[in-house]
Each structure stands twice: as structure tokens, then as C-alpha cells.
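So the structure is just underneath, and the comments pick up after that.
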Amino acid sequence: MILVTGGAGFIGANFVRLFLSGGKGEEVINVDRLTYAGNIENVRDLDSSKHIFVHGDIGGRNLMRDLLDRYRPRAVLNFAAESHVDRSIDSAGEFIQTNVVGLFNLLEAVRAYWSSLPDSGDLSRDTFRFLQVSTDEVYGSLAPDEPAFAESNAFQPNSPYSASKAAGDHLVRAWHHTYGLPTVTTNCSNNYGPYQFPEKLIPLAVLNALAGKPIPIYGDGQQIRDWLYVEDHCRAILRALEAGTPGEVYNVGGDNERRNLEVVHALCGVLDRLRPKQDGTSYAEQICFVKDRPGHDRRYAVDSRKAAKELGWRPEEGFESGLERTIAWYLANGDWVAGIQTGAYREWVKTHYGEYA
Ligand code: NAD
Ligand code: DAU
């Protein structure tokens with residue numbers, strides 16, 4: 001079996017679903033603290049004999065050590081994080097707590113478990129993997145004509161979020177270099193797809209458009225992001241788990257650089273087709289420019305040639321088709337959206353965990 005952290009969040013939930021649909025029969029232990037971004041509805045329908053959900057914090061070293069000793073996973077994949085740049089600007093404490101201190105405690109629990117494994121065999125120090133899910137934002141921001149981020153680029157994080165992720169990546173590197181822990185790190189570009197919490201650009205714009213609210217564009221809207229459909233990211237993580245070399249880092253990107261304004265216009269175009277407005281106007285008329293994000297990174301672009309060469313991974317979903325799939329998912333999953341908008345998705349946590357919620 002494998003142990004996943006943060007598997008009730010956007011990418012973690014998509015990963016758990018992809019992993020369990022692979023048909024190998026391997027079980028998943030899913031440890032998630034269920035912060036505002038964690039949603040049990042993202043995984044509630046999964047077969048409970050294959051998906052074991054544990055409400056817990058990666059920073060709880062004893063809990064993590066107990067789970068590792070009890071379930072003896074062949075790998076730990078860390079998706080758990082505070083992930084939203086704007087929140088990190090308003091209040092960085094939780095980002096340091098989870099993405100740095102929490103990760104340190106997780107690494108220590110994993111190192112203790114890993115040290116207890118035999119030298120060789122099916123489950124051994126040799127076969128075990130710790131996979132850290134990280135971001136392209138650790139590399140900073142690119143000028144328009146600069147080449148895409150390669151794994152050899154220096155870290156130049158610009159936001160509290162990216163600084164906390166960069167610190168985490170350094171810890172992972174050091175735990176490999178000093179203790180020999182077999183780690184693999186992936187640094188990925190902007191994901192989009194089903195189950196993404198509507199604080200991030202694409203789901204926020206879709207839901208605001210449908211609600212007749214303004215669609216906020218920060219600054220001039222000319223910032224560039226590289227977009228990757230979440231299932232493609234999850235497939236890259238699977239390949240990194242199975243074929244990645246311990247101690248290595250793999251950049252993962254969609255080769256889909258788009259300006260924010262282009263993304264939002266494309267999304268409005270899809271909505272105009274799939275859910276035309278009664279008054280015949282376009283959703284694009286709801287676009288409005290708002291105050292820029294402080295320290296806003298101008299451009300990200302990712303060179304994924306190493307992942308292609310060493311992992312045999314390539315993205316399969318195009319941006320236009322992926323965007324349409326994503327929007328169709330939000331349109332078809334009104335209950336999921338309503339659960340978030342009313343806060344009902346958090347009721348389960350309160351009912352099940354009472355004062356710990
Ligand atoms: P998310 O915010 O949707 O989900 C994060 C999950 O982690 C939530 O379920 C939350 O409850 C859980 N969590 C938070 N703190 C925890 C803790 N202390 N212990 C246990 N669980 C905790 O984030 P996401 O977009 O799914 O991102 C997942 C990972 O991928 C993050 O590490 C993020 O940095 C990275 N990443 C995200 C993107 C993207 O575009 N979303 C791109 C590249 C990398
Ligand atoms: O690059 C990978 C990163 O992508 C991940 O590590 C982060 O976890 C993830 O949140 C994402 O970070 P961004 O800051 O790029 O994503 P976000 O969706 O918040 O914003 C995308 C772009 O859109 C960014 O340039 C800011 C802009 N934006 C965002 C929002 C929410 C707007 O113009 N308006 C908005 O309302």
C-alpha cells in the first residue's frame with residue numbers, strides 16, 4: 001500500500017482517484033487535516049476497503065510514525081500543504097507551520113520508519129520512496145524572453161507560499177543527501193481540473209461568471225502561467241514514483257503558456273457555448289480589473305524534458321479540451337459547488353470529529 005497526505009485536497013484527491021482506478025488492488029492510506037481546502041466530498045465515494053481515510057496533521061510525528069508502523073506503506077507521497085498565494089500574503093504563519101515545520105516532522109517520522117526496514121526485499125530501504133509534490137514557483141519569475149525553468153535553476157521564491165515550498169524542497173534534498181532517504185521531488189506548473197477549490201483563478205472565474213458576479217483580474221492581466229490538466233500531473237507523479245531516481249527532481253509542465261486575460265476569455269467562451277446567458281450577452285462582460293497581487297510573479301514556464309526522457313511522461317490533455325472538461329465538471333457538479341458555497345462540506349468534519357474540527 002501507499003500513504004498519501006493531503007488527499008482530500010484538489011490534486012491529492014485526483015491522485016488517489018487515479019491510483020485506485022489503476023486496478024492494481026493496492027490500498028491507499030489518506031492522511032488529511034481537512035483545512036478549509038480539504039473536502040471529504042472529494043473522496044467520500046471511494047471504496048473504503050481500498051481507501052483508508054485518517055483525519056490528521058503531517059506535523060503530528062507520533063501519529064505519522066504509528067500509521068507508518070501499522071500499515072507499512074511502500075511509499076509516502078506528500079501533497080499536504082497550504083497552497084494559495086493570496087492567503088500566504090495575508091497570513092504566512094500556517095504556510096510555515098505546514099509547508100516547513102510540518103514537513104520536517106513528517107520527514108523525521110518517515111526516516112524513523114524507513115530506518116527500521118530491511119536492507120533489501122520487496123519492502124526495504126532500497127525500494128521505499130518519499131515523494132514530495134512541489135511547485136514551479138520555487139524558481140521565481142521569468143522575463144518574457146527567458147528560457148523555461150530547468151531543474152538546475154536557482155531557487156528564487158517571491159511569495160511567502162513559494163518561500164515555504166522552497167524551504168520544504170531544501171529539507172527533502174537534505175534528508176536524501178545526509179540520511180540517504182530515497183526521495184523524489186516533482187515541481188509542477190499551474191493545475192486545473194475537477195475538485196479545485198474556488199479560490200484559484202479558473203474555478204473562481206467560472207463560479208463568479210455563473211453567479212453573475214464580477215470576474216476579477218489582478219493588475220493588467222498580462223501575467224503568464226503554464227497550465228496543466230490535473231490528471232496529467234497525477235500521471236507524472238505516478239511515473240516519478242515508479243521510475244524516478246532517488247535524490248532527483250523532475251519539473252512537470254503543460255507547455256501551455258497563457259496570459260491570465262486569455263485564460264479568462266477562453267473560459268467565458270466555453271461558458272457562452274455550454275450555458276448561454278438568457279440575455280444573450282457574453283460572460284466576458286463580467287470581467288473587471290482589480291488591484292494587483294503584491295509581488296505578483298510575471299511569468300512561469302516549465303521545461304519538462306527531463307521528465308519526458310527519464311520518466312517517459314508527456315501531457316495528454318490540450319488546454320482548450322481540458323478547460324472544457326473542467327467547466328463541464330463544475331456545471332455537472334452543482335451539489336459539490338453548493339456544499340462549498342454554503343460551508344456544508346465542513347459539517348462532516350464537525351459531526352465526526354467534534355471539538356477537533
Ligand atoms: P489544496 O490546498 O487543494 O489541498 C491541500 C490539502 O492538504 C487539503 O486537503 C488540506 O486539508 C491538506 N492539509 C493542509 N495542511 C495539512 C496538514 N498540516 N496535515 C495534513 N493535511 C493538510 O492544494 P493542491 O492544489 O491540491 O496542492 C497539492 C500540492 O501540490 C501542494 O503541495 C502544492 O504546493 C502543490 N502544487 C499545487 C499546484 C496547483 O496548481 N494547485 C501546482 C504545483 C504544485
Ligand atoms: O505555479 C504553480 C502554482 O499555481 C501552485 O504552486 C499554487 O499552489 C497554485 O495556487 C498556483 O498559484 P498561482 O498564484 O499561479 O494561482 P492562482 O490561481 O491563485 O492565480 C493564477 C493567476 O491568476 C495569477 O497570476 C493570479 C491571477 N488571479 C488569480 C485570482 C485568484 C487573478 O487575476 N484573479 C484572481 O481572482
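The values are calculated or read from the model by the stated rules, or taken from the named source; none is laboratory data. Note that the structure is predicted; figures quoted are calculated from it, not measured. In this analysis, Cβ positions are derived from the backbone assuming ideal geometry, glycine residues included, and neighbour counts consider all displayed protein chains. These accessible areas exclude ligands, DNA and RNA; they are computed on the full protein's heavy atoms, side chains included. Shrake-Rupley method; radii C 1.70, N 1.55, O 1.52, S 1.80 Å.
Each residue in region 217-240 was checked for being open to solvent by less than 10 Å² (accessible area, probe 1.4 Å) and either away from ligand 2 (no atom under 16 Å from the Cβ) or more than 13 Å from the chain's Cα centre (by Cα) (or both), and 5 pass. Kindly indicate the residue of region 2-40 that is more than 14 Å from the chain's Cα centre (by Cα) and on the phi > 0 side of the Ramachandran plot and also most open to solvent (accessible area, probe 1.4 Å) among those meeting that condition. Within region 2-40, the match that is most open to solvent (accessible area, probe 1.4 Å) is Gly23. In region 146-157, of all residues being crowded, with 18+ Cβ neighbours inside 10 Å and either more than 12 Å from ligand 2 (Cβ to nearest atom) or touching a residue at least 60 places away in the same chain (Cβ under 8 Å) (or both), the one that is farthest from Thr98 (Cα to Cα) corresponds to Ala148.
Among the residues of region 203-216, those that are within 15 Å of ligand 1 (Cβ to nearest atom) and crowded, with 22+ Cβ neighbours inside 10 Å comprise Pro203, Ala205.
Please specify each residue of region 192-222 satisfying the condition of being among the charged types (D, E, K, R) and in contact with a strand residue (DSSP E or B) (Cβ under 9 Å, 6 or more places away or on another chain). Those that are among the charged types (D, E, K, R) and in contact with a strand residue (DSSP E or B) (Cβ under 9 Å, 6 or more places away or on another chain): Lys200, Asp220. What about Leu107, is it away from ligand 1 (no atom under 12 Å from the Cβ) and touching a helix residue (DSSP H, G or I) at 6+ places or on another chain (Cβ under 7 Å)? Considered against the rule, which asks whether it is away from ligand 1 (no atom under 12 Å from the Cβ) and touching a helix residue (DSSP H, G or I) at 6+ places or on another chain (Cβ under 7 Å), Leu107 comes out as yes. Scan region 75-100 for residues that are within 9 Å of ligand 1 (Cβ to nearest atom) and either part of a strand (DSSP E or B) or β-branched (Val, Ile, Thr) (or both) and the total you get is 2. Of all residues in region 157-188 being of a type in the set (Val, Ile, Thr) and out of contact with any Lys or Arg (no Cβ under 8 Å at 6 or more places or on another chain), which is farthest from Phe95 (Cα to Cα)? It comes out as Thr178.
Looking at this structure, is Asp255 away from ligand 2 (no atom under 12 Å from the Cβ) and open to solvent by less than 50 Å² (accessible area, probe 1.4 Å)? So Asp255 does not fit the description; no.
Restricting attention to region 263-278, does a residue exist that is in a helix (DSSP H, G or I), of a type in the set (A, V, I, L, M, F, W, C), within 11 Å of ligand 2 (Cβ to nearest atom) and surrounded by 15 or more Cβ atoms within 10 Å (Cβ to Cβ)? Looking through region 263-278, at least one residue is in a helix (DSSP H, G or I), of a type in the set (A, V, I, L, M, F, W, C), within 11 Å of ligand 2 (Cβ to nearest atom) and surrounded by 15 or more Cβ atoms within 10 Å (Cβ to Cβ). So, of the residues in region 336-357 that are surrounded by 11 or more Cβ atoms within 10 Å (Cβ to Cβ) and modelled with pLDDT of 90 or more, which turns out to be nearest to Asp45 (Cα to Cα)? Here the residue is Trp336. Can you name every residue in region 115-139 that is within 15 Å of ligand 1 (Cβ to nearest atom) and either open to solvent by 50 Å² or more (accessible area, probe 1.4 Å) or under 18 Å from Asn251 (Cβ atoms) (or both)? Answer for region 115-139, where residues must be within 15 Å of ligand 1 (Cβ to nearest atom) and either open to solvent by 50 Å² or more (accessible area, probe 1.4 Å) or under 18 Å from Asn251 (Cβ atoms) (or both): Leu131, Gln132, Val133, Ser134, Thr135, Asp136, Glu137, Val138, Tyr139. The residues of region 185-202 that are open to solvent by 30 Å² or more (accessible area, probe 1.4 Å), within 7 Å of ligand 2 (Cβ to nearest atom) and not polar (S, T, N, Q), listed by number, are Lys200, Leu201. Which one is farthest from ligand 1 (Cβ to nearest atom) among residues in region 172-202 that are part of a strand (DSSP E or B) and under 17 Å from Arg258 (Cα atoms)? Ranking the qualifying residues of region 172-202, first place goes to Tyr192.
Of all residues in region 278-305, those that are free of Cβ contacts under 8 Å to residues at least 24 places away in the same chain have Cβ atoms under 7 Å from Cβ atoms of residues that are open to solvent by 80 Å² or more (accessible area, probe 1.4 Å), 6 or more apart or on another chain, in Ala284/His265.
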